[in-house]
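Inspection log for the structure reproduced underneath, given as structure tokens.
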Amino acid sequence: MISCSQKKSSQSFTAMNTFMTVSLYSSSAKKSREVCTLVQKRIEELEGLLSTTLPFSEVYKINHSESQPSSLSPDLQSLLDFSLELYQKTGGAFNPALYPLIREWGFTTGDYKVPSQERIEKLLQHTDFSKLYEDEKIELDFGAVRKGYAADQALLILKENGIKSALLDFGGNIQALGSKPDGSLWKIGIKNPWDGGVACALSLESKAVVTSGGYERYFEKDGEKYIHIFDPATGHPSQSDLESVTIICESGKYADALSTALFVMGSDVAVDWWRANPDFDFILITKSGSLLYSEGLEGFIEPLYQFASVESVKSVCQD
Ligand code: AMP
Ligand code: MG
């Protein structure tokens with residue numbers, strides 16, 4: 001247990017299009033402030049590498065160049081290696097090569113439109129992420145993983161500086177280091193997709209908690225709702241049966257990439273995928289109002305909404 005004489009220090013800033021807050025506990029207020037500033041600088045450095053819109057970023061330069069770069073920064077190389085592995089493992093549901101489609105639908109500017117099917121099929125031709133080093137027309141977008149990667153990097157800085165208790169809130173991406181200073185578990189609220197309130201509470205320590213939801217960004221046209229999470233198989237916004245997906249595990253980047261991938265898969269395939277790869281916990285909220293969660297969360301999850309049904313999913317199929 002950490003002593004209660006620990007002082008809290010919080011710093012908020014905007015990066016990666018998100019309001020971010022770093023809260024940490026340390027016996028020295030001066031030290032806490034210094035560590036918060038180191039974290040903010042590292043996040044800003046990562047944004048300078050991974051942004052799709054800042055013209056000096058590494059990703060921007062790759063997306064706007066006709067040739068392959070001769071060398072990559074260690075951060076980008078590490079994200080590409082991780083992403084390639086996850087692209088394969090998720091059968092392409094996680095795909096950071098959808099940028100031309102995301103742009104065409106207007107999600108980069110807010111100037112939304114439904115492109116023609118012909119245009120979508122043309123743009124899909126350069127979204128095979130496994131051809132990253134062969135297809136020079138591939139354009140990158142790490143929107144589904146960079147906040148998780150940034151949280152992992154922030155955690156490294158906290159640990160290097162001897163911090164044992166901290167909570168990072170990177171707009172829907174939560175990363176808990178250790179437990180609260182009094183030794184009790186952190187209590188994290190998972191957003192209710194319908195009214196913005198809290199759907200359920202989670203008690204945990206030393207975990208990343210990342211939620212992907214269609215409610216975060218979408219537009220409506222002719223009675224159809226088009227969300228910012230794309231189905232790489234169709235080039236259209238996902239129409240899965242899910243309203244939100246929350247992933248709980250140690251690695252922020254894994255939680256972030258998986259929250260997006262499992263959303264695209266839909267509840268049945270997502271549960272099967274978890275049974276084959278049971279190295280994380282999940283919370284699925286379906287469009288029909290059901291709450292499904294992995295059995296590892298039993299005793300740590302508290303539903304706070306009148307769901308149509310609540311089910312703890314077992315790792316071994318019992319049907
Ligand atoms: P998230 O909020 O983590 O689910 O990430 C969604 C963001 O990732 C979107 O705003 C897009 O920039 C990008 N994206 C959308 N669909 C996918 C996908 N299937 N795989 C990878 N990135 C995606
Ligand atoms: Mg994600």
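Between TYR133, TYR149, TYR254, the GNM of the chain built on Cα springs shorter than 10 angstrom shows TYR133 fluctuating the most. Qualifying chymotrypsin sites (Phe, Trp or Tyr not before Pro) in region 171-243, where qualification requires a DSSP coil assignment and no more than 14 other C-beta atoms within 10 Å, comprise TRP194. Considering only VAL210, LEU155, SER130, the residue lying farthest towards the positive end of the dipole of region 77-232 is LEU155, judged by Cα position with unit charges set on Cβ. Placing dummy labels 7 Å off each Cα toward the beta-carbon, the span from GLU121 to GLU66 is 2.9 nm. Could you sort out which of LYS89/LYS187; LYS41/LYS89; LYS122/LYS225; LYS221/LYS253 sit more than 29 Å apart by Cα distance in this structure? In this structure, LYS89/LYS187; LYS41/LYS89; LYS221/LYS253 exceed 29 Å between Cα atoms. Mind running the shape call on region 14-166? Use the C-alpha gyration tensor, a ≥ b ≥ c as the square roots of the eigenvalues: rounded below 1.5 for a/c, prolate if a/b tops b/c, oblate otherwise. Taking the square roots of the gyration eigenvalues as a ≥ b ≥ c, region 14-166 is prolate. Shown for SER206, SER290: other C-beta atoms within 10 Å of each C-beta, ranked fewest to most, produce the order SER206, SER290. Put +1 on the Cβ of every Lys and Arg and -1 on every Asp and Glu Cβ in the chain; which of ILE285, GLY106, ALA255 then has its Cα farthest towards the positive end of the dipole? With unit charges placed on the Cβ atoms, the residue in question is ALA255.
Projecting the Cα positions of ALA233, SER244, TRP273 onto the charge dipole of region 229-319 (unit charges on Cβ atoms of Lys, Arg, Asp and Glu, taken about the Cα centre) puts ALA233 furthest along the positive direction.
When only alpha carbons are used to place a centre, region 63-122 and region 13-33 end up 31 Å from one another. For region 183-256, a simple Cβ point-charge model (Lys and Arg +1, Asp and Glu -1, everything else neutral) yields a dipole of about 260 debye relative to the Cα centre. Of the peptides 165-177, 69-81, the ranking by mean beta-carbon count within 10 Å, highest at the top, reads 165-177, 69-81. When a/c reaches 1.5 or more, the comparison of a/b and b/c decides; with that in mind, is region 139-246 rounded, prolate or oblate per its Cα gyration tensor? Oblate, since a/c reaches 1.5 and b/c is not below a/b. Summing Cβ point charges (Lys, Arg +1; Asp, Glu -1) relative to the Cα centre of region 253-295 gives a dipole of roughly 140 debye.
Put simply, the Cα atoms of the chain extend 63, 51, 35 Å along their principal axes, the longest span coming first. On full extension of the chain, what length is gained from GLU224 through ALA201, given 0.36 nm per residue of separation minus the C-alpha to C-alpha distance? Gain on stretching GLU224 to ALA201: 5.2 nm.
Taking the Cα centre of region 205-319 as reference, the dipole from Cβ charges on Lys and Arg (+1) and Asp and Glu (-1) amounts to some 220 debye. Packing here is the average count of other Cβ atoms within 10 Å per residue, and on that basis the peptides 110-123, 43-56, highest first, run 43-56, 110-123. Counting 0.36 nm for each residue step from VAL114 to THR53 and taking away their Cα separation leaves a gain of 19.8 nm. From the square roots a ≥ b ≥ c of the eigenvalues of the alpha-carbon gyration tensor of region 240-319, which class results: rounded (a/c under 1.5), prolate (a/b over b/c), or oblate? Rounded, because the longest to shortest axis ratio a/c is under 1.5. Sort ILE247, ILE301 by Cβ crowding within 10 Å, fewest neighbours at the top. Fewest-to-most ranking of ILE247, ILE301: ILE301, ILE247. Only lysines eight or more places from LYS61 in sequence, or on another chain, were considered; those with a Cα closer than 21 Å are LYS131, LYS137, LYS147.
Every read-out reported here was derived from the displayed coordinates using simple, explicitly stated rules and does not represent laboratory data. Please read all numbers here as calculations on a predicted model, not as lab measurements. Positions of Cβ are backbone-derived with ideal geometry, glycine not excepted, and every protein chain shown enters the neighbour counts.
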